[in-house]
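Data first, discussion second: the structure below is written as structure tokens.
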Amino acid sequence: MSPVEIGIISVVAIVVLVYLGLYIPVALGTVSFVAIWFVSGKPILAINFLRVPIGDSVTEYEFATIPLFTFMGLLVSKAGLGADIYDVMNRAFRKITGGIGMATVGANAVFAAVTGSSIASASVFTRISVPEMLRFNYNPRFAVGVVAGSSVLGMIIPPSAMLIIYSFVAEQSVGDMFLAGIVPGIILAATYIVAIFVMGRLTPGFVGGQTSDEYAADPMTTAEVLSKTVPIVLLITIVLGGIYTGWLTPVEAGAAGALAALLFATVRRRLSLRSFWESLLETGHITASILFLITTASLYSRMLGFVALPNELNQFLAANELDFFWIMAAYVVLMLFLGTLLDTASIILIVVPLFINIIEPMGLSLVWFGIITVVGAEIGLLTPPLGISCFVIKTTLDDSRISLKDVFLGALPFAFVMLLVLIVLIRFPGLSIGILN
Amino acid sequence: MSLRTNLDRLAASISQAADWVATIANALGTIVVLVLVAVMNVDVVARNFFNAPFRGVVEVVIFSMILIVFLQLPDVIRVNRLTRSDGFMAVVGQAYPWVGRVLTRAVDGLACVFMALAAYATWPVFVETIESCSYITPPEFGPPFTGNLLTDLFEATERCDYFGTPGVFTAPWWPVRMVITLSAGLGSVLFLFKSIYAGRRLELVRLPDQDN
């Protein structure tokens, strides 16, 4: 067997093993180890290949963004900032059909700017927004679908764990990736809101619900609105403002954001010593699992380089004169396919090393490519059989009237909207990278 | 008591000891997270408001990242939070419980082998970095041993292969290398017991004196 064939078999083997339930870092590491052994015939070389990334790939300053933003996100959820912003949004949209749905999307978009994880968004908004929609007779499928669909904003709007992961694989600056994520995130949120409006008009049965004048009798005072919005706006200003003006590096922005979130949570008395420790513990767990994943993914990408698979793929594309359109079409289809099985981080870590050598020589921006990758891979959060956001919602909801199938069916229109936005983002790179100039 | 139950007990206590070590390492790693937040904020404030940057902050951050990851990794394994997608396993396990069990054993067994390989691969680096200090053997350069244990210990630590930038922040490499190797080794042990017990271990570990 030629090295390239072994490489192709390895990639397939990783996907199959992960599907069978093998830990993703173990799958990446073991298969890469065996592949290097087979190709070189020297087990000692494979051991050396294993040693380097384990010792050295964590030694990167910007990795510190992961624990810092994770910690900030956990504190923000505990401080109830998500529920606050939802409250305000809900009043703004109350007169429109599907209004609570739109409020959920809007609140999610704002909340996403202070958390880096879709899982956090999904679990917070399942608890606050789904019961509210059910109370106003919304279609349960629509209710859970909105939460699932808008939860993906958490990983597109910075700070985002996925943008950080991509920036390591592609060796791009975390700050650039964050800034590039802002406009696409806003576009996606706006498109969701328009889509809900259209669904409310064309398929009112799917949306359901009724408008309410419950709030009219109980208007929010300006002071209340301010106390519910100022903390989150302040946090966004510190983090994104700090990075945009260059006043803070992404790592510093994460630290400052974490401290500010800690202060808010303490002042509002929403943080006991116990839940503070739990947040720290959770931060450590998430950091260790993401970085171990990145470590083994770096072994995998070294293995790909060793068997020269990316070069071969490049030559194959050149020989067949495949142009931009077909490469992108293939890339999106591949991500959608993997998205049905794998989680977002794994998709990014598996496909980016394969494609990056094709994208760069074409003169395309790797920052733009990162946004495409993250949005494309995130669609998988919504698609069966393994849409993680949908699982989180089902588990958090714990309501036997709503099945996992309902969640998936409800999320489907939103997955479709994501695909449309993805196509727009591919067609118009300026939407992502315009902000950097 | 039969040999079988004795073995069972031995295995259960080793498994429990491994869990304990993982939990303690996890708590240490958690404290490092807090240190990281504190150090970064001191730097931001000192640099922007007092124009006095905290020298060596980059080194401290990198150093603490390695510690966070490898101190917490065993606990991540212990509480089953290592990244995986177990949807297929759950579906199959429901329809055919024995297939699910075999699959669990195989997966954890393979993970055990991989972590052992990682420990084996990183072991020589640890040995090399600790030998660079020549704690026991006479040093190849620098002053010879004085006979005073503490003085010699400090002298030796000065000689170690170091991490960081001289004059800003340096720390000997070996403690970090040791954490990496031990972390991988402990991970391997934890996976071994997961594979052996395959979900049954709660009953086994629950010895009578721990019911509180």
Take every residue in peptide A:61-72, count the Cβ atoms of other chains within 10 Å of its Cβ, and give the average of those counts.
4
The relative contact order of chain A, taking Cα pairs under 8 Å that sit 6 or more residues apart, comes to a percentage of 25 percent
What ranking do A:256-263, A:10-17, B:48-55 get when scored by the average of other Cβ atoms within 10 Å per residue, highest first?
A:256-263, A:10-17, B:48-55
Select from A:GLY387, A:GLY305, A:GLY370 the residue whose mean-square fluctuation is largest in a Gaussian network model of chain A (Cα-Cα springs shorter than 10 Å).
A:GLY305
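Ranking A:LYS95, B:LYS194, A:LYS228 by Cβ neighbours within 10 Å, fewest first, what do you get?
Working: A:LYS95 12, B:LYS194 22, A:LYS228 19.
Exposure proxy ranking, most exposed first: A:LYS95, A:LYS228, B:LYS194.
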In whole angstrom, the spacing between the Cα centers of region A:344-406 and region B:70-106 equals 21 Å
Using the alpha-carbon atoms, what tilt in degrees (0 to 90, nearest 10) does helix A:366-379 show relative to the longest principal axis of chain A?
60 degrees
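Mean residue ellipticity at 222 nm from the helices of chain B, using -39,500 (n - 2.57) per DSSP H segment of n ≥ 4 over the full residue count, to the nearest 500 deg cm²/dmol? Don't skip to the answer; put the middle values down first.
Values: 7 runs with 153 residues, N = 212.
After summing the helix terms and dividing by the residues of chain B, the value is -25000 deg cm²/dmol.
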Dividing the mean separation of Cα pairs under 8 Å (6+ apart) by the residue count of region A:179-273 yields a relative contact order in percent of 18 percent
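Inside 10 Å of the C-beta atoms of B:17-30, what's the mean count of C-beta atoms belonging to other chains? Working shown, then result.
Values: counts 0, 0, 0, 0, 0, 0, 0, 0, 0, 4, 4, 1, 8, 9.
The shielding value for this peptide is 2.
Over the protein assembly as shown, what number does the Rg to Rh ratio reach, with both radii from the alpha-carbon atoms and Rh per Kirkwood? Numbers along the way, then the final one.
Details: Rg = 25.8 Å, Rh = 26.3 Å.
Using Cα coordinates only, the ratio equals 0.98.
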Axial C-alpha extent at least 20 Å, average Kyte-Doolittle at least 0.0 - helices from chain B (DSSP):
B:3-49, B:57-78, B:97-131, B:174-197
Does region A:158-207 come out rounded, prolate or oblate by the C-alpha gyration tensor, with a ≥ b ≥ c the root eigenvalues, rounded set by a/c under 1.5 and, if not, prolate when a/b is larger than b/c and oblate if not?
prolate
Taking springs between alpha-carbon atoms closer than 10 angstrom, which of A:SER123, A:SER389, A:SER151 fluctuates most in the Gaussian network model of chain A?
A:SER123
Mind listing the lone cysteines of the protein assembly as shown, meaning no other Cys beta-carbon sits under 4.7 Å from theirs?
A:CYS390, B:CYS112
So what is the relative contact order of chain B, in percent, for Cα pairs below 8 Å that sit 6 or more residues apart?
29 percent
If you consider only alpha-carbon coordinates, what radius of gyration and Dmax does chain B have, in Å?
22.5, 72
Taking each residue in B:38-48, count the Cβ atoms of any other chain within 10 Å of its Cβ, then average. What number comes out?
4
Calculate the length of the line joining the C-alpha centroid of region B:18-66 to that of region A:13-51, in whole Å.
33 Å
Can you compute log10 of I(q)/I(0) for region A:1-123 with the Debye formula, treating each Cα as one identical point scatterer, at q = 0.13, 0.21 Å⁻¹?
-0.75, -1.10
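Note down the net charge around A:GLY175, summing +1 for each Lys or Arg and -1 for each Asp or Glu among other residues with Cβ under 14 Å from its Cβ.
Spelling it out: positives minus negatives among the neighbours equals -4.
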Fewest to most neighbouring Cβ within 10 Å: what's the order for A:LEU153, A:LEU322?
A:LEU322, A:LEU153
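What dipole magnitude, in Debye to the nearest 20, does the protein assembly as shown give about its Cα centre under +1 on Lys/Arg Cβ and -1 on Asp/Glu Cβ? Mind dumping the intermediate values first?
Values: 35 positive and 42 negative charges, 321 e Å.
Result for the protein assembly as shown is approximately 1540 debye, rounded to the nearest 20.
Taking a ≥ b ≥ c as the square roots of the eigenvalues of the Cα gyration tensor of region A:59-111, is the shape rounded (a/c under 1.5), prolate (a/b larger than b/c) or oblate? Show your work: numbers first, answer last.
Details: a/c = 5.71, a/b = 2.83, b/c = 2.02.
Prolate.
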Can you sort A:PHE168, B:PHE169 so the residue with the fewest Cβ neighbours within 10 Å comes first?
B:PHE169, A:PHE168
Given the options A:ILE236, A:ILE24, A:ILE286, which has the most mean-square fluctuation in a GNM of chain A, springs set between C-alpha atoms less than 10 angstrom apart?
A:ILE286
Can you list the lysines whose alpha carbon sits under 29 Å from that of A:LYS228, skipping same-chain ones fewer than 8 residues off?
A:LYS78, A:LYS95, A:LYS394
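Computed from the coordinates by the stated procedures, all read-outs in this text should not be read as laboratory data. Just so it is clear, the model here is predicted, and its values are computed rather than measured. We place every Cβ from the backbone using ideal geometry, glycine too, and count neighbours over all the protein chains shown.
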